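Chemist: Below is the structure I would like to discuss, written out as structure tokens.
The values are calculated or read from the model by the stated rules, or taken from the named source; none is laboratory data. Fair warning: this is a prediction, and the values are worked out from it, not measured in the lab. All Cβ positions, glycine included, derive from the backbone under ideal geometry; neighbour counts span all protein chains shown.
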Amino acid sequence: MLDFCGVEKERLRARWVSSAEAPEFVEEVNSFIDALKKLGPSPLKTKNAEKIKTEKIKTDEIGVS
């Protein structure tokens with residue numbers, strides 16, 4: 001489903017970590033953050049920014065403010 005939406009599968013991660021495993025939780029979160037930083041900005045953010053820009057251009061052309 002993520003591929004269909006244009007989102008890399010690496011942007012979603014699920015792992016069971018018990019409440020008694022705080023160090024494991026911290027490691028998992030930090031690992032996921034590092035992976036996301038390597039992937040760069042979300043492709044959805046880019047698509048939305050382009051859509052907003054296009055909509056602004058269209059409203060400017062017809063004089064909507």
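Chemist: For Ala35, only one of the following conditions fails: (1) of a type in the set (Gly, Ala, Ser); (2) in a loop (DSSP other than H, G, I, E, B); (3) touching a helix residue (DSSP H, G or I) at 6+ places or on another chain (Cβ under 9 Å). What is its number?
Modeler: (2)
Chemist: Six or more apart or on different chains, Cβ atoms under 9 Å: show the pairs whose first residue is in region 29-46 and of a type in the set (Lys, Arg) and whose second is surrounded by 12 or more Cβ atoms within 10 Å (Cβ to Cβ) and part of a helix (DSSP H, G or I).
Modeler: From residues that are of a type in the set (Lys, Arg), the pairs are Lys38/Glu10.
Chemist: Another question, then. Within region 1-25, can you find the residues that are surrounded by 12 or more Cβ atoms within 10 Å (Cβ to Cβ), outside any helix (DSSP H, G or I) and hydrophobic (A, V, I, L, M, F, W, C)?
Modeler: Of everything in region 1-25, those that are surrounded by 12 or more Cβ atoms within 10 Å (Cβ to Cβ), outside any helix (DSSP H, G or I) and hydrophobic (A, V, I, L, M, F, W, C) turn out to be Val7, Val17.
Chemist: Quick one: Pro43 ticks every box in (1) of a type outside the set (Lys, Arg); (2) at pLDDT below 90; (3) loosely packed, with under 10 Cβ neighbours inside 10 Å bar one, so which box is it?
Modeler: (3)
Chemist: Hey, among Ile33, Ile52, which residue is on the phi < 0 side of the Ramachandran plot, modelled with pLDDT under 90 and more than 11 Å from the chain's Cα centre (by Cα)?
Modeler: The unique qualifying residue is Ile52.
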